[in-house]
There are 2 protein chains.
Amino acid sequence: MPVNLHAPDPASLHAVPGVRLGVTMAGIRKADRRDLSVIELVEGSSVAGVFTSNRFCAAPVQLCRQHLAAGHAIRAILVNTGNANAGTGADGLARAQQSCEALAGLMGVRSEQILPFSTGVIMETLPVDRIIAGLPAAIAALSADAWGQAALGIMTTDTIPKAASRQIQIQGQTVTLTGISKGAGMIRPNMATMLGYVATDANINPSLMQALVTEAADASFNRITIDGDTSTNDSFVLIATHQAKHARIESLDSAEGQALRAALIELSQQLAQAIVRDGEGATKFITIVVEGGRSEAECKQAAYCIAHSPLVKTAFFASDPNLGRILAAVGYAGIDDLDQTLIDMHLDEVLVVQAGGRHPAYREEDGSRVMKQAEITVRVSLHRGAASATVWTCDLSHDYVSINADYRS
Amino acid sequence: MPVNLHAPDPASLHAVPGVRLGVTMAGIRKADRRDLSVIELVEGSSVAGVFTSNRFCAAPVQLCRQHLAAGHAIRAILVNTGNANAGTGADGLARAQQSCEALAGLMGVRSEQILPFSTGVIMETLPVDRIIAGLPAAIAALSADAWGQAALGIMTTDTIPKAASRQIQIQGQTVTLTGISKGAGMIRPNMATMLGYVATDANINPSLMQALVTEAADASFNRITIDGDTSTNDSFVLIATHQAKHARIESLDSAEGQALRAALIELSQQLAQAIVRDGEGATKFITIVVEGGRSEAECKQAAYCIAHSPLVKTAFFASDPNLGRILAAVGYAGIDDLDQTLIDMHLDEVLVVQAGGRHPAYREEDGSRVMKQAEITVRVSLHRGAASATVWTCDLSHDYVSINADYRS
């Protein structure tokens, strides 16, 4: 039951000059599911990515890092669902390599020019034969207008495909940014998230790409959590085909660089929030703002403690303003010299806590009213500095337990 | 549905010379519930405690710390359920103080000789008038044989009272240790847990008490987690009445000191594990051992990441050997230079993962067989050192969500 999230209108997804997408059903885990996607990039494109910090990072993540670090000109992205190819040891690495070789052979490029991605069950053997058998169909399907198809093709426990598009003007030229994302469980990205891709035709100096993708991830995918579980396969990739006709952007601080950055962050936030809105079992979309901290780090710490507390999340599910649970989470966030007597808390516009205690004018019916909404903002003010941080999360419902007790069956 | 946990046989709970307990129904939150307990200590008793590290620690926890730090001779412990008196600001502190004064007045001691404890809903005003009105009945009920009553008297969402007893011989004298504990949610003690009390008549140098209670808490209550939420009210208290006739224990490293320590740790572990067995919605009791680490700290980190992962916990609930989720949790535990290719994992005696990948001989039916048990041990070997750590936890079930979506209603 996604929260205020609907499948994107295909007409709203602008093609990005230089990018074609093809999706097929390769029967990787189940029959009759779109589970194999190829994203082909025109020669001369730039690609930068950020990947999971999980030390059990998947075999394809290891190959992506290698191919990008070596500076190979990336020509295609290959994504399979149904199998994460993580916790699979040396054999998993060999299989990921084989899938790159197969696609490279069909495209007439080198295997180092392919970035492979996998998502699905961990610790199962990748059925690479099925991937190889499916590639010709995926290539035959390549089209510039298949962003909606690709959004469907990378879904696992998602119930709604996630895609969005922006167009901005740079020097009178239209520049497009279009992206897709997936993920509904094992979501607490730490560097990036469970598969997000944004492509743009912006003409940007390739040396700026890594800073841009890192900044966008930090402002979006690195601010969401569903269950606190950082995946083995998180990846967020930014593609620039440089096809737009404006003069090349040489600095992110120029007017053009700022316009591109703003559009990219906005798009990335929309894609990241879509993951939370479609979180496993989610019935509420919660924005948590912790402000007045000495550092952004301590604000994030407190925000994540609130966002991960099963007691807080079940209270949101129940629309129960049992808000002391939020204070408890702030209290155990590891801010050692935190003074509880300074802390205020708002639920939307309702002042619940002042100076560490229940505000005398707070009435439970005001808390109840806000808790019943589908979208809620919790704002905690630490009153010890000027830093702040925002995290987006969802509630914990019976459906979360059902989905994760049944996922593989 | 507690896991292999039954109400203690009252005959198994030995009285501790010098300790009397009295319980009554004070109507603090609901009528007809035992919700107010007094534990009276003979003059000359020693008391030491460890308390929550939550910065939103409750008003009674603040008073306990003050009374113990000032070295007052503690004569009674006062416990109410139904209200945590946390997140209540200066008013909460004044109300906790009033409850101490009332009990001290009835007992003819000073209010600093009382340790107050509260457990229940956070951020609600303590109905101190009801506590004061209930005190005479609790005092009238005082009896050396009321440990079972007190175990009932401190319960909140617990379904089974938790109490245990040990007797050891020191220099031919019988020494008794009897304890009670409570807690089923908001359980990830960090220094101690949500209300545990152990009393002994051992004659021990009072200066050894703090080291003893800290060591016992670290080996027991600080090794359990239900939901990862460190409470505002966690407290573990050790009482020694010194009534046993053996010569005073002057060192924990003496034979007598070691015997006492061993019995205390065993008793504390039983009481701590009882909390997990009766965890909110628990259907499985899980022991997580991480070994082969460079430090105990990194082993604990990994063990807690496994124990807190909602994905791991729901897989246990479903008896689904979706064991890659455990590897993912180890991977995001923040051990920066962890080498995944060294890691092995056992489920009970079944070798599931070797060298970071699925063991070739592992068969899913073996994993399924173990996952169906009510008690399961996960053992992760990091192969990078000689340290290890053990954590006890439970699964995450539909009942957990139901209980916490309904707790206040």
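The values are calculated or read from the model by the stated rules, or taken from the named source; none is laboratory data. Being a predicted model, the structure only gives us computed values, none of them experimental. Here the Cβ positions follow ideal geometry from the backbone for every residue, glycine too, while neighbour counts run over all protein chains shown.
For this structure, a couple of remarks:
- Odd one out for A:G108 among (1) surrounded by fewer than 21 Cβ atoms within 10 Å (Cβ to Cβ); (2) within 21 Å of A:A199 (Cβ to Cβ): (2)
- Any hit, the stretch B:133-143, residues being in the same structural domain as B:G27 (by TED's automatic domain parsing) and free of Cβ contacts under 8 Å to residues at least 40 places away in the same chain: yes
- Those residues of the stretch B:283-311 which are among the aliphatic types (A, V, I, L, M) and facing chain A (nearest Cβ under 8 Å), in sequence order: B:L311
- Selection count, the stretch B:1-31, where residues are in a strand (DSSP E or B) and within 19 Å of B:V213 (Cα to Cα): 1
- From the options B:A329, B:A355, residue that is more than 29 Å from B:G183 (Cα to Cα) and at the interface with chain A (Cβ under 9 Å from one of its Cβ atoms): B:A355
- Selection count, the stretch A:45-56, where residues are in contact with a Gly (Cβ under 8 Å, 6 or more places away or on another chain) and surrounded by fewer than 24 Cβ atoms within 10 Å (Cβ to Cβ): 2
- Flag: A:S309 matches the condition of being more than 13 Å from A:S381 (Cα to Cα), in the same structural domain as A:R384 (by TED's automatic domain parsing), among the polar types (S, T, N, Q) and touching an Asp or Glu at 6+ places or on another chain (Cβ under 7 Å).
- Within the option set A:N233, A:N222, being part of a loop (DSSP other than H, G, I, E, B) and within 14 Å of chain B (Cβ to nearest Cβ) holds for one residue only, A:N233.
- Tally of residues being within 12 Å of chain A (Cβ to nearest Cβ) and either at positive phi or not basic (K, R) (or both) across the stretch B:379-393: 2
- Residue count, the stretch A:254-305 (criterion: among the small types (G, A, S), over 27 Å from A:R166 (Cα atoms) and assigned to a helix (DSSP H, G or I)): 3
- Any chance B:V16 is out of contact with any Asp or Glu (no Cβ under 7 Å at 6 or more places or on another chain) and either within 15 Å of B:G179 (Cβ to Cβ) or crowded, with 22+ Cβ neighbours inside 10 Å (or both): no
- Against the numbered list (1) at pLDDT below 95; (2) more than 14 Å from the chain's Cα centre (by Cα); (3) part of a loop (DSSP other than H, G, I, E, B), B:T174 comes up short only at (3).
- Scanning the stretch B:32-42 for residues being outside any strand (DSSP E or B) and over 11 Å from B:G82 (Cβ atoms) gives a total of 2.
- When B:R261, B:R294 are checked against the criterion of being in contact (Cβ under 8 Å) with a residue 24 or more places away in the chain, out of contact with any Asp or Glu (no Cβ under 8 Å at 6 or more places or on another chain) and surrounded by fewer than 24 Cβ atoms within 10 Å (Cβ to Cβ), B:R294 stands alone in meeting it.
- Flag for A:R379 being of a type outside the set (D, E) and assigned to a helix (DSSP H, G or I): no
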